[in-house]
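Below is one structure, written out as structure tokens; the observations come after it.
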Amino acid sequence: MEDKFLAAMQRRFACKRFLQKSIPQEEIEVILEYARLSPSSFGMEPWRLLVVTDQKIKEELQPLCWNQKQITTCSHLVVIKADSAVVQNREYIAKMFARRGLSPEATKAYIDRYFAFLQKQDIDCWVQKQCYIAAANMMTGAAYRGIDSCPIEGFEKEKVEEYLQLHNQSVALMVAFGYCAMERPPKKRLQRDEIVEFR
């Protein structure tokens, strides 16, 4: 039997140019749901998604993103914002832990452990790492649905954040989604025995 998830992994690549074809709204909603349902450390869900479809905004972002063609040719550009402030907000933290249905004592112990963990972290880096989990799930899920994507880290971070008028959030990465307008390159990866060790 065909492994459909593996087939999606084989299909997915960083598409640099997209057809001028819009992704149906119901499809993009599913892709966004893949992000919403993604796992995150301590269940904090620190990502916030800005979905850009306005062509004028994409054109104004492109020079800030190394003039990459996927910015303006994609159907949907998802800006994944890392919210470092919210993961330190006591009201938000209490709300997130309350969902677990633990006793007040267990909840307090868990929150104490959480704050002890935070003290040892570069919080901005930790939050951005969570954003990549959501991005990976969106891209693989999109490939499963026949939709192409490209993760984008090549941008002038401060200028993009200024242009988008972000407050207390930073851009972790962007992901362009659309339908491929270029030949798919062969998949190039290290062999399994080069990356996997069993003990």
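Throughout, read-outs are computed from the coordinates displayed, never taken from laboratory work. Remember, predicted model here, so these are calculated numbers, not experimental data. Glycine gets a Cβ as well: all are built from the backbone with ideal geometry, and neighbour counts include every protein chain shown.
Annotations
- Cα-based reach from Lys58 at 16 Å (exclusive), listing lysines while leaving out same-chain residues under 8 positions away: Lys16, Lys21, Lys69, Lys157, Lys159
- Of the chymotrypsin sites (Phe, Trp or Tyr not before Pro) in the range 139-199, the ones in a loop by DSSP (not H, G, I, E or B) with at most 12 other beta carbons within 10 Å are Phe198.
- Crossing angle, helix 25-36 versus the chain [Cα axis fit, 0-90 degrees, rounded to tens]: 40
- Calculated [θ] (222 nm, deg cm²/dmol) that DSSP helices of n ≥ 4 give over the chain, each run adding -39,500 (n - 2.57): -13500 deg cm²/dmol
- For the chain, modelled as a GNM whose springs connect Cα atoms under 10 angstrom apart, the maximal fluctuation among Thr73, Thr53, Thr107 occurs at Thr107.
- Mean Cβ count within 10 Å, highest first, over the residues of peptides 40-50, 181-191, 23-33: 40-50, 23-33, 181-191
- With Cα atoms, 0 to 90° folded angle of helix 123-144 axis to the chain main axis: 40
- Under 5 Å between amide hydrogens, built in the peptide plane, is the criterion, and for Arg17 it picks out Ala181 among residues at least 5 positions away or on other chains.
- The range 106-142 and the range 1-55: distance between their alpha carbon centers, rounded to Å: 20
- Lys/Arg +1, Asp/Glu -1 at C-beta; the range 1-156 dipole; positive extreme among Trp66, Phe155, Tyr114: Tyr114
- Seen against the Cα atoms of the chain and their longest principal axis, helix 104-119 is set at about 60 degrees.
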